[in-house]
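Here is the structure we will look at, set down as structure tokens.
The values are calculated or read from the model by the stated rules, or taken from the named source; none is laboratory data. Small disclaimer: the values here were computed from a predicted structure and weren't measured. All Cβ positions, glycine included, derive from the backbone under ideal geometry; neighbour counts span all protein chains shown.
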Amino acid sequence: MHNRASLLVVQHVPHERLGTFEAPLREAGCSLIGVNTYDPKAPWPGLEEVDGLVVMGGPQSVYEQRTYPFLTKELQVLREAIDAKRPVLGVCLGAQLLASALGAPVTKNRQKEIGWYPIQREPSADGDPLFEIFGHTETVFQWHGDTFALPKGAVQLASSPLCAQQAFRYGDSAWGLQFHLEVTAAMIRAWLTTPANKAELATLRGSIDPLTIKQQTPRYIERLQELGRQVATVFCHVVLASNDLAEARR
């Protein structure tokens, strides 16, 4: 097995970064190439220069491509990555973009999930490498108002009472996670105080309480980071194995 592979990391806002994913990805053998889509001059490497993609979250919606033209570019890159069998890990907006690239509609969820929520592991997650570590129920961190339909041919991995589509796998190497495993306690505090996020919380008329989120964080953060480390490590191993298979086919 090759001991290094390169990952393109797509970031949509400065505060939604790799977080706890970064160290385990590097330790497992993945070097990281970042693209900040909020910088219109950011250069995009060609798909032939990378072995996989990690697409992070952000406040944008997939259906806002006229407002955020870079989303159109991202969807094209994701389609090409899927066709080229490059492994993909999409987080929150990244999962919605992956679902859309696979032909599934992305719409507003009936209720926003912001804070700590339980998700249920689906029976079809048995045997999935990223979900081996997940128990029947896990409490994860969420910050989203949109959802997506399960793409045709994809396997549902997790669900929740408020949002049916919490995680899916397409083929052997593309995953979408609606929730955030990558956050630290410091990142959560920063998200709660980011002006745009504060404005969003203010529109919810107290139905989501930032104080409750802060109080719940110490209870759940350690397990969340354990899940995040494992998912990042296993995903890097998938990228390395996929890279080896591609080399063998040449």
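Listed by position, the helices (runs of 4 or more DSSP H) enclosed by segment 1-119 that each have at least 2 residues that are of a type in the set (Gly, Ala, Ser) and within 29 Å of residue 223 (Cα to Cα) are 22-28, 93-101.
Take residue 74 and tell me if it is without any contact (Cβ under 8 Å) to a residue 60 or more places away in the chain and under 20 Å from residue 175 (Cα atoms). No, not satisfied. Annotation note: of 233, 217, the sole residue that is modelled with pLDDT of 95 or more, among the polar types (S, T, N, Q), within 22 Å of residue 50 (Cα to Cα) and surrounded by 14 or more Cβ atoms within 10 Å (Cβ to Cβ) is 233. The set of residues in segment 93-117 being farther than 18 Å from residue 56 by Cβ and buried (at least 16 other Cβ atoms within 10 Å of the Cβ) consists of 102, 104, 109, 112, 115, 116, 117. For segment 159-201, filtered to residues that are closer than 16 Å to residue 114 by Cβ, among the β-branched types (Val, Ile, Thr) and in contact (Cβ under 8 Å) with a residue 60 or more places away in the chain, the residue that is surrounded by the fewest Cβ atoms within 10 Å (Cβ to Cβ) is 194. For segment 1-18, residues that are crowded, with 20+ Cβ neighbours inside 10 Å and either out of contact with any strand residue (DSSP E or B) (no Cβ under 7 Å at 6 or more places or on another chain) or of a type outside the set (A, V, I, L, M) (or both) total 3.
For the residues 156, 120, the requirement of being at pLDDT 95 or above, surrounded by fewer than 20 Cβ atoms within 10 Å (Cβ to Cβ), touching a His at 6+ places or on another chain (Cβ under 8 Å) and not aromatic (Phe, Trp, Tyr) singles out 120. Taking the listed residues 114, 188, the one that is under 14 Å from residue 224 (Cα atoms) and of a type in the set (Val, Ile, Thr) is 188, with no other qualifying.
Yes or no: segment 99-108 includes at least one residue that is closer than 24 Å to residue 233 by Cα and in contact (Cβ under 8 Å) with a residue 12 or more places away in the chain. Within segment 99-108, one or more residues are closer than 24 Å to residue 233 by Cα and in contact (Cβ under 8 Å) with a residue 12 or more places away in the chain.
Find the residue count for segment 62-72, including only residues that are surrounded by 15 or more Cβ atoms within 10 Å (Cβ to Cβ) and closer than 19 Å to residue 14 by Cβ.
Pass one, segment 62-72, residues surrounded by 15 or more Cβ atoms within 10 Å (Cβ to Cβ): 62-63, 65, 68, 70-71.
Imposing the further condition that a residue be closer than 19 Å to residue 14 by Cβ reduces the set to 68, 70-71.
Residues that pass the stated criteria total 3.
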